[in-house]
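The block underneath contains the structure these notes are about, expressed in structure tokens.
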Amino acid sequence: MSFIGHPFAFDPAHGYGLEGLLGVGAPGGPPDFDGFWRGRRAAAALVEPRPLLGDVVEERDGFRVHEVSYDALGGRCGALLALPCDGPVRHGFVIGHGYGGRHEAGADLPLPLPESAAILPIAPGLPALGLRPEVPSTPDGHVLHGIGSRDTYLIGVCVAGLWGAASALLELVPSPTLDGRRLGYLGESFGGGIGALALPWDDRFAAAGLTVPTFGNHPLRYTLPCTGSGESVRAHLREHPEAAEVLAYFDAATAAARLRIPVLSACALFDPAVPPPGQLAVHNALAGPRRLEVLEAGHFPYPGEAEERRRLRRITSEFFGRWMGG
């Protein structure tokens, strides 16, 4: 599809076609990349989630949606919890969101499999339940917060929030069937990027779906203009090139090379916010069973978008049915 007449001062495809995108690689990462993340995961596992179930805020698609909070490495987190109105729970999902934050659960319901529950964590600092006084709530500030050190960078706190959400879900859902089973993960854009960073180190997950994932192949991303959080990072690096050493620990494509569970990737050919080469860098690096669904565009409206989204929902259900059991 041609997006002639788009309003951007750059090419959101960055000159790549599908064949070129399939050849994009991933940085190997720092020598202690694995050790850093295993250490973070071990520290996170010591934090008791102490989940607190709040009021029902919405009922739709056969689910009751509650506000919840829980503890994770880096502080108390907010989330939504979607529980089926009737019947048992056999599957559990953790669902990440885009960089706009999360105000409701509607876009993520119904879930890919029947008899499922899901926790939908809100990244620390982002609207609405994740807001923190000391953390910028807009993407351009959020993506730079704490970037002076790998130990303080906010993206690491967001990754830990996903691990904590999984722990909270397993405590909140009174299902012996779920308690002994592994989980599914779904994440789009920002949620896809932090999901790729979180999943290799957590064996509670059986399969994942990553849609237009961000944070893939930072060295390449630095060269590509965009309208998303990556542009803020590009500007910061011009003044602080040493930040590249920190960002090397938060490369979703580097992490994907350690990810061995089955992953469904939905990546776009045209995307002004998340450059497509970074998205495909994540998919191409995946070390386990993988499936690629190509989207015409991401973060941009286009004819046929609704139908393409419906098709992706169907494929997602089939994918998780295969790897987690229907």
Handout entry: Residue match in region 230-241 (condition: under 14 Å from the mean Cα position of the chain (by Cα), within 23 Å of L144 (Cβ to Cβ) and either charged (D, E, K, R) or buried (at least 17 other Cβ atoms within 10 Å of the Cβ) (or both))
Key = no
Handout entry: Answer residue from region 58-96, given it is touching a Cys at 6+ places or on another chain (Cβ under 8 Å) and of a type outside the set (G, A, S) and is surrounded by the fewest Cβ atoms within 10 Å (Cβ to Cβ) among those
Key = E59
Fill in the blank from the handout: Every listed condition ((1) modelled with pLDDT of 95 or more; (2) touching a Cys at 6+ places or on another chain (Cβ under 8 Å)) holds for G130 save (1)
Exercise for the section: Being in a helix (DSSP H, G or I) and among the hydrophobic types (A, V, I, L, M, F, W, C) is the filter; apply it to region 256-298 and report the residue that is surrounded by the fewest Cβ atoms within 10 Å (Cβ to Cβ). Expected result: A285
Handout entry: Elements of type helices (runs of 4 or more DSSP H) contained in region 143-216, each with 3 or more residues being of a type outside the set (V, I, T) and under 22 Å from L131 (Cα atoms)
Key = 154-172, 190-198
Handout entry: Residue count, region 37-49 (criterion: surrounded by fewer than 14 Cβ atoms within 10 Å (Cβ to Cβ) and assigned to a loop (DSSP other than H, G, I, E, B))
Key = 2
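Here is a yes/no grid of residues against (1) in contact (Cβ under 8 Å) with a residue 12 or more places away in the chain; (2) in contact with a strand residue (DSSP E or B) (Cβ under 8 Å, 6 or more places away or on another chain); (3) farther than 14 Å from S69 by Cα; (4) crowded, with 18+ Cβ neighbours inside 10 Å:
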residue	(1), (2), (3), (4)
P121	yes, yes, no, yes
A128	yes, yes, no, no
P136	no, no, yes, no
D140	yes, no, yes, no
V157	yes, yes, yes, yes
G164	yes, yes, no, yes
Problem - Unique residue being among the β-branched types (V, I, T), touching a Gly at 6+ places or on another chain (Cβ under 6 Å) and over 23 Å from F270 (Cβ atoms) when the list is V135, V212, V173, V159 - result: V135
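The values are calculated or read from the model by the stated rules, or taken from the named source; none is laboratory data. Predicted model only: the values in this text are computed from it and were never measured. Reconstructed Cβ throughout: ideal geometry from the backbone, glycine too, with neighbour counts over all protein chains shown.
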